[in-house]
Amino acid sequence: MNVPSEMNFEEMMRFRLEVLRREHRDLDAAIHALEETGRPDQLTLRRLKKQKLALKDQMVKLEDRLIPDIIA
């Protein structure tokens with residue numbers, strides 16, 4: 001993907017967040033497809049789920065940086 005060189009830091013973080021979301025959806029689809037085979041390879045399934053969880057952690061960190069906490 002081409003990233004314009006004129007992006008500010010927040011735009012770059014939002015772009016990265018969208019890329020992570022897309023990868024997360026792709027992994028979810030791959031996991032679902034593997035589970036539907038009937039006898040999925042448990043090691044592969046475990047690795048994919050671990051990758052998906054790592055992506056989710058990265059997404060949460062970026063979202064926390066983009067959306068400041070509002071103290072009421």
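Anything in the stretch 1-53 that is among the hydroxyl-bearing types (Ser, Thr, Tyr) and surrounded by 12 or more Cβ atoms within 10 Å (Cβ to Cβ)? List them, or say none. Please lay out each step first, then the result.
Pass one, the stretch 1-53, residues among the hydroxyl-bearing types (Ser, Thr, Tyr): 5, 37, 44.
Of everything in the stretch 1-53, just one residue is among the hydroxyl-bearing types (Ser, Thr, Tyr) and surrounded by 12 or more Cβ atoms within 10 Å (Cβ to Cβ), namely Thr44.
Residues checked against (1) at pLDDT below 95; (2) outside any loop (DSSP other than H, G, I, E, B); (3) out of contact with any helix residue (DSSP H, G or I) (no Cβ under 6 Å at 6 or more places or on another chain):
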{"residue": "Met1", "(1), (2), (3)": "yes, no, yes"}
{"residue": "Ser5", "(1), (2), (3)": "yes, no, yes"}
{"residue": "Leu20", "(1), (2), (3)": "no, yes, no"}
{"residue": "Asp26", "(1), (2), (3)": "no, yes, yes"}
{"residue": "Lys50", "(1), (2), (3)": "no, yes, yes"}
{"residue": "Asp57", "(1), (2), (3)": "no, yes, yes"}
{"residue": "Arg65", "(1), (2), (3)": "yes, yes, yes"}
{"residue": "Asp69", "(1), (2), (3)": "yes, no, yes"}
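Under 15 Å from the mean Cα position of the chain (by Cα) and not polar (S, T, N, Q), is that true of Leu34? It would help to see each step written out before you state the result.
Details: under 15 Å from the mean Cα position of the chain (by Cα): no; not polar (S, T, N, Q): yes.
Criteria not met by Leu34.
The values are calculated or read from the model by the stated rules, or taken from the named source; none is laboratory data. This one's a predicted model, so the numbers in the text were calculated from it and none came from an experiment. As a convention, Cβ positions derive from the backbone with ideal geometry for all residues, glycine included, and neighbour counts pool all protein chains shown.
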